[in-house]
Amino acid sequence: MRRSSLRTTLLLVSVLFAMLVVGGIALTTYVIVSDGMRQVAVDTGSRLASTAEAVLRDIVASAEAETTARGLTGEVADEAALRLVASRLPEAMSHAGMSEATFALFDRNLELVWASDTVVMSQSQVRDRKLALASGLQKQSIGQAGDLFSGLLTDAKLGTTVNHTPVSLPGNSKGVLDVVHTPTSEERIIDAIRQPMAVLAIAAMAIMVLLMQTSMLWVLGLVDNLRKAADSIEAGRLDERLPVTGNSEITDLARSLNGLIERLQRRSEAQARFVADASHELATPVAGIRGYTSILRAWGADDPKVRDEAVDAIDRESRRMARLTADLLNLLHADQGLVLRSERFDLNALVRERLASSASRWMDKDIEFEGPEEDSLLMVGDPDRVEDIISILLDNASKYTPPGGSVSVHTRRKRDNVLLEVADTGQGIPAEDLPRVFDRFFRSEASRAAGEGGFGLGLAILRSIVESMGGDIHVSSAIGEGTVFTVRLPKGRV
Ligand code: ADP
């Protein structure tokens with residue numbers, strides 16, 4: 001993804017995230033407040049209804065007392081008392097501090113006795129009134145309320161709470177008192193919080209987006225710096241490193257990249273060294289062949305002795321070149337990862353076979369070759385590659401051991417591995433050369449001087465083979481006493 005499009009995506013994601021979080025919090029707050037106010041409105045309606053009922057009870061009692069005092073009895077007294085009640089109610093209700101509500105009083109036939117305002121005669125209200133009269137229980141209904149979120153965009157509408165309370169009228173007859181409460185103060189509270197809440201929500205969203213953008217741009221800036229630094233490192237100039245400052249994840253990335261550059265640098269240096277060494281090694285036999293060709297041209301025709309000498313030398317040098325190119329190819333194959341067979345074979349039998357071949361090859365040197373004590377040691381692996389390993393080690397041991405010395409091979413099991421030990425009583429390797437004997441083209445000064453003739457590739461090939469088989473190799477040596485190479489290889493499931 002391009003950086004600019006990454007920025008746009010991050011911007012969109014942060015806006016969406018802020019909207020979700022802040023919007024969610026604002027909506028929840030609104031719902032909690034609005035629901036609370038709705039409950040407050042209902043409670044106020046109930047409270048007003050019971051106060052109104054108590055007021056009415058007092059008025060009915062005093063009206064009855066008055067008509068009795070006037071000497072009225074029976075239905076006449078009841079009617080007079082009811083009229084008195086209707087006439088005293090308006091003042092009594094306003095005295096009781098119930099200006100937030102309107103009232104309507106109905107007799108036992110649900111005929112209107114008195115009302116402080118227009119009376120709603122909707123079907124549901126008529127039904128609830130009847131129910132309250134018949135059951136003697138208070139009925140409550142809420143009318144014309146908006147839904148939970150309506151107050152978010154327009155003015156809040158909590159709806160009117162109507163309480164139909166059954167009451168006793170003069171002469172012990174039943175009636176119903178309607179108390180209608182319109183929750184204007186509660187609605188005003190909801191309307192009052194809407195605007196500041198919206199402003200706060202927008203401000204919170206903006207701050208959130210800003211903070212997220214700033215931190216993301218900061219991170220992108222760090223990545224960009226890293227990219228610029230990486231761009232400035234040219235392919236061929238691997239000695240430069242990315243800046244590592246601070247202690248962030250970006251610094252860790254820079255450290256990892258520096259590690260990668262260092263590994264590439266080491267590899268490229270090793271390759272350059274390898275090419276230089278290989279060309280140097282090839283140059284010697286080529287120079288030899290050219291020299292002898294000139295001799296052959298100048299004197300070969302006249303002097304058969306010179307001719308034979310030159311032909312022998314050319315043959316020797318070309319064989320040397322063939323050996324070198326074969327070694328280089330082996331190394332290349334081992335580096336590219338060998339295709340390994342997986343076969344069950346007897347390691348000790350293989351060792352004995354190689355020892356016999358070395359003994360006949362180095363017969364002139366009068367070296368004593370010793371084999372493994374045990375009869376057989378079975379393992380699973382590639383016998384050809386194991387043979388290569390044994391051959392290289394035996395070859396070196398025989399090469400660097402003076403006449404009359406001895407070369408011995410021991411094998412043993414160690415947990416899931418087999419250990420192959422090749423020891424000689426030869427010249428030994430100087431301590432400072434030990435870490436380098438597995439390097440390509442490495443030959444110790446002593447072996448160069450003695451003209452033993454290797455290219456310094458045998459142990460490098462050996463290490464590649466051993467590693468590709470999942471094993472490892474160690475060497476220990478003492479000057480004048482001898483050298484021991486120990487190879488560990490996985491035994492495999494025998
Ligand atoms: P070469 O073809 O020169 O033997 P190797 O890679 O096999 O190359 O060995 C690298 C160098 O390690 C040799 O030149 C020699 O100096 C030293 N070396 C290897 N094996 C022995 C040994 N058994 N005893 C003494 N020196 C050894």
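Read-outs throughout are calculated quantities, based only on the coordinates presented, and are distinct from any laboratory measurement. Everything numeric here is computed off the predicted structure, so don't read it as measured data. So basically every Cβ, Gly included, is an ideal-geometry build from the backbone, and we count neighbours across all protein chains shown.
List of remarks:
- Sorted by Cβ neighbour density within 10 Å, fewest at the top, the residues Thr184, Thr51: Thr184, Thr51
- Mean residue ellipticity, 222 nm, helices only, the chain: the sum of -39500 (n - 2.57) across DSSP H runs of n ≥ 4, divided by residue count and rounded to 500, is -20500 deg cm²/dmol.
- DSSP bridge orientation in the chain - percent antiparallel, rounded to nearest 5: 95
- Note on Ser318/Asp231: beta-carbon distance plugged into 1/(1 + (r/R0)^6) with R0 of 45 Å gives a FRET efficiency of 0.35.
- Applying 1/(1 + (r/R0)^6) with r as the Cβ-Cβ distance of Val126 and Ser168 and R0 = 25 angstrom yields a FRET efficiency of 0.70.
- Per-pair calculated FRET efficiency, R0 = 22 Å: Glu432 and Glu373 via Cβ, rounded to 0.05: 0.05
- Taking the Cα centre of the chain as origin and assigning +1 to Lys and Arg Cβ atoms and -1 to Asp and Glu Cβ atoms, the resulting dipole is close to 720 debye.
- Dipole of segment 1-158, positive direction: furthest Cα of Leu48, Met121, Gly23, with charges on the beta-carbon: Gly23
- Within the same chain, lysines fewer than 8 places from Lys414 are excluded, and of the rest, those with a Cα less than 26 Å from its Cα are Lys491.
- Using the Cβ of Ser46 as centre and a radius below 12 Å, the other residues enclosed give a net charge of 0, where K and R count +1 and D and E count -1.
- For a straight C-alpha distance cut-off of 22 angstrom, the lysines reachable from Lys174 (same-chain residues fewer than eight places away being disregarded) are Lys130, Lys139.
- When only the Cβ of Lys, Arg, Asp and Glu is charged (+1, +1, -1, -1), the dipole of segment 1-106 relative to its Cα centre reaches about 1320 debye.
- Order of His164, His333 - criterion: other Cβ atoms within 10 Å of each residue's Cβ, fewest first: His333, His164
- Partner aspartates and glutamates for Lys365 [C-alpha distance under 17 Å; skip if fewer than 8 residues away on the same chain]: Asp395, Asp424, Glu452
- Judged by the gyration tensor of its Cα atoms, with axes a ≥ b ≥ c, segment 408-489 is oblate; a/c meets the 1.5 cut and b/c is at least as large as a/b.
- Per-residue Cβ neighbour counts within 10 Å put Thr9, Thr401 in the sequence Thr9, Thr401, beginning with the fewest.
- For segment 177-270, a simple Cβ point-charge model (Lys and Arg +1, Asp and Glu -1, everything else neutral) yields a dipole of about 500 debye relative to the Cα centre.
- Shape category assigned to segment 452-494 from the gyration tensor of Cα positions, a/c cut at 1.5: oblate
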